[in-house]
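Enquirer: Dumping the structure here so I can ask a few things about it.
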Amino acid sequence: MTSPNTSKVLILLGPPGAGKGTQSRLLEQKFGLVQLSTGDLLRRSIESGSETGKAVESIMAEGRLVGDDIVISILRDRMRDSDCAGGVILDGFPRTLSQARALDQLLAETGQQISAVVSLAVDDKKMVDRISGRFTCAGCGEGYHDTFKPLEAAERCDNCGGSEFMRRADDKAETVAARLIEYREQTSPLIDYYSHMGVLANVDAMGPIEAINRSIEATISSRS
Ligand code: AMP
């Protein structure tokens, strides 16, 4: 008989600007998990000029959701990489019910279970404030914000010292509005889905990064 796979599978759920990426990176270090962001994987496929990248570029630029088949296949491939065997944090996946069902099937195949789904709640104004000021280091990917997390030294990344920074093309106001509609229509039903499964934890994501992180860590620790 094979023993069950006990590696952690955490899911961070929340609208754009809820802090999924920021919190995933903090949890990654704390719990030794691998952050798996479908948004990052899709952006990489666009940069590489692959067929998938060409197919998704305009959809992402408009703030719409990429088709389930493409996203599920990208996620499935990445989850099979050896570094994911110790556990993952899913950041931005699933975003539809059919993605959630595909994930259930994938985990059943690998003998894994969802440890917790953390739903990050944030109001619309906060969401827009967070998105409109954010940028990342082009060298190491460290995330910053004009107001909430500015650079310590002018024009230098605190983490790697790099001097090139990027702002996401889909962080402009009209695209953010489209992304929020997608979240409400397609993704928010997952809150009920995971609540029925008994794995949902609601976390208030309005406060400072460290306070939200402490709430998430307490939630995760209480479930392991
Ligand atoms: P994110 O980086 O998570 O904010 O995602 C950026 C964009 O990538 C989204 O607005 C979608 O266009 C696309 N995307 C990322 N994850 C998914 C997903 N699970 N399903 C569909 N589209 C996705």
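The values are calculated or read from the model by the stated rules, or taken from the named source; none is laboratory data. A quick note: this is a predicted structure, and the numbers were derived from the prediction, not measured. So basically every Cβ, Gly included, is an ideal-geometry build from the backbone, and we count neighbours across all protein chains shown. Please note that ligands, DNA and RNA were not included when accessible areas were found on the heavy atoms of the full protein model with its side chains. Shrake-Rupley method; radii C 1.70, N 1.55, O 1.52, S 1.80 Å.
Enquirer: Being within 15 Å of the ligand (Cβ to nearest atom), over 12 Å from the mean Cα position of the chain (by Cα) and among the charged types (D, E, K, R) narrows it down to one of Glu51, Glu47, so name that one.
Expert: Going through Glu51, Glu47 in turn, the sole match is Glu47.
Enquirer: Next question, about the same structure. Being among the hydroxyl-bearing types (Ser, Thr, Tyr) and open to solvent by less than 60 Å² (accessible area, probe 1.4 Å) is the filter here; which residues of the stretch 108-139 pass it?
Expert: Within the stretch 108-139, Ser115, Ser119, Thr136 qualify.
Enquirer: Also, I was wondering about something else. Considering (1) within 11 Å of the ligand (Cβ to nearest atom); (2) outside any strand (DSSP E or B), say which one Glu174 fails and leave the rest.
Expert: It is condition (1) that Glu174 fails.
Enquirer: Scan the stretch 25-42 residue by residue and report those that are near the ligand (Cβ under 10 Å from one of its atoms), part of a helix (DSSP H, G or I) and surrounded by 19 or more Cβ atoms within 10 Å (Cβ to Cβ).
Expert: Thr38, Gly39, Leu42
Okay, residues lined up against (1) in contact (Cβ under 8 Å) with a residue 24 or more places away in the chain; (2) open to solvent by less than 50 Å² (accessible area, probe 1.4 Å); (3) closer than 15 Å to Arg101 by Cα:
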residue	(1), (2), (3)
Gln186	yes, no, yes
Leu190	yes, yes, yes
Tyr194	yes, yes, yes
Leu200	yes, yes, no
Gly207	no, yes, no
Ala211	no, yes, no
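Enquirer: List pairs: first in the stretch 32-46 and over 19 Å from Glu142 (Cβ atoms), second open to solvent by less than 10 Å² (accessible area, probe 1.4 Å) and more than 10 Å from the ligand (Cβ to nearest atom), Cβ under 8 Å, 6+ apart or cross-chain?
Expert: Gly32/Gly87; Leu42/Gly53; Ser45/Gly53; Ile46/Gly53
Enquirer: On to the next question. Considering only the stretch 142-158, I want to know if a residue exists there that is within 12 Å of the ligand (Cβ to nearest atom), open to solvent by less than 60 Å² (accessible area, probe 1.4 Å) and touching a helix residue (DSSP H, G or I) at 6+ places or on another chain (Cβ under 9 Å).
Expert: Checked against the condition, which is being within 12 Å of the ligand (Cβ to nearest atom), open to solvent by less than 60 Å² (accessible area, probe 1.4 Å) and touching a helix residue (DSSP H, G or I) at 6+ places or on another chain (Cβ under 9 Å), the stretch 142-158 yields at least one hit.
Enquirer: If you don't mind, another one. Is one or more of the residues making up the stretch 5-18 open to solvent by 20 Å² or more (accessible area, probe 1.4 Å), on the phi < 0 side of the Ramachandran plot, polar (S, T, N, Q) and not in a loop (DSSP other than H, G, I, E, B)?
Expert: no
Enquirer: How many residues does the stretch 69-97 contain that are loosely packed, with under 15 Cβ neighbours inside 10 Å and either within 10 Å of the ligand (Cβ to nearest atom) or not basic (Lys, Arg) (or both)?
Expert: Residues meeting the conditions: 8.
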